[in-house]
């Protein structure tokens, strides 16, 4: 009647007995960091009461048994750091109770089975640092319960499926460091539950879709280090729930849309190292909730708008390294809430 079996960090263990498949009362099997295991017994597929299977850090595993698809009670599958896996069995699509699938640092996976689209109970899918993945299956668009999708640092991904726009429960989308992506699907504008979008260091992106302006639930947008972006869509001004906007190190931006002045919930605006910006829109003076404005090393800025004097909530203003500024507007004297002014 064993329900939990933990064999963590048995680093010299090279195989498991087939008889483990007889532990039919087992609900948790944790084999974290058994780095010498090269395979798992097919008989693990008999563990039909299993709800949690943790094989993270089993870095010598080259395959997973197809029989894992029999574990229809499984809610958590953690294969983090199984860096020798090059593929996953199609049968994983049978795990329809699965809510969390963690594939972070499965760095040799090149493709995912289309059958993952059958995991309709899935709420969290983590593919961070799956650096060999080139494409994602269109069928991921069927995961309509998904709330968190992390594809951070999947640096070989060249495109995202349009079907991601069907993930209307998604609240967090992290594509930080997907440096081979050249565009984002317009359909991301359908993600009406999204609150956090991180596209920082997507260094091959040349444009952002206008449809991002439809994601009015968004509170945090990171687009820093997208250093091929030359402009931003005016439609970003529709994101009236936004509290944090990070555009630091977007080194080819030459101007900002006037419509950013509509972001009246914004508390933090970071445009540091936007070294080609020559001016800021007067409309930034409408951001009366702003507490932090970071313009560090915006070396081409020749003046600041007088309207910055309207930023009555501002506590931190950083203009360090804005070496082309010759004067500051007198109106900054109206910002009586200011506690930190860095203009070294």
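The values are calculated or read from the model by the stated rules, or taken from the named source; none is laboratory data. Just so it is clear, the model here is predicted, and its values are computed rather than measured. Cβ atoms come from the backbone with ideal geometry, glycine included; neighbour counts cover every protein chain shown.
Per-structure values
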{"item": "Test: residue in region 263-282 that is surrounded by fewer than 22 Cβ atoms within 10 Å (Cβ to Cβ), part of a loop (DSSP other than H, G, I, E, B) and touching a helix residue (DSSP H, G or I) at 6+ places or on another chain (Cβ under 6 Å)", "result": "yes"}
{"item": "Exclusive hit being in contact with a helix residue (DSSP H, G or I) (Cβ under 7 Å, 6 or more places away or on another chain), assigned by TED's automatic domain parsing to the domain that holds residue 268 and at negative phi, set 237, 189, 224, 141", "result": "237"}
{"item": "Some residue of region 324-343 being touching a helix residue (DSSP H, G or I) at 6+ places or on another chain (Cβ under 6 Å), surrounded by 16 or more Cβ atoms within 10 Å (Cβ to Cβ) and under 16 Å from residue 269 (Cα atoms)", "result": "no"}
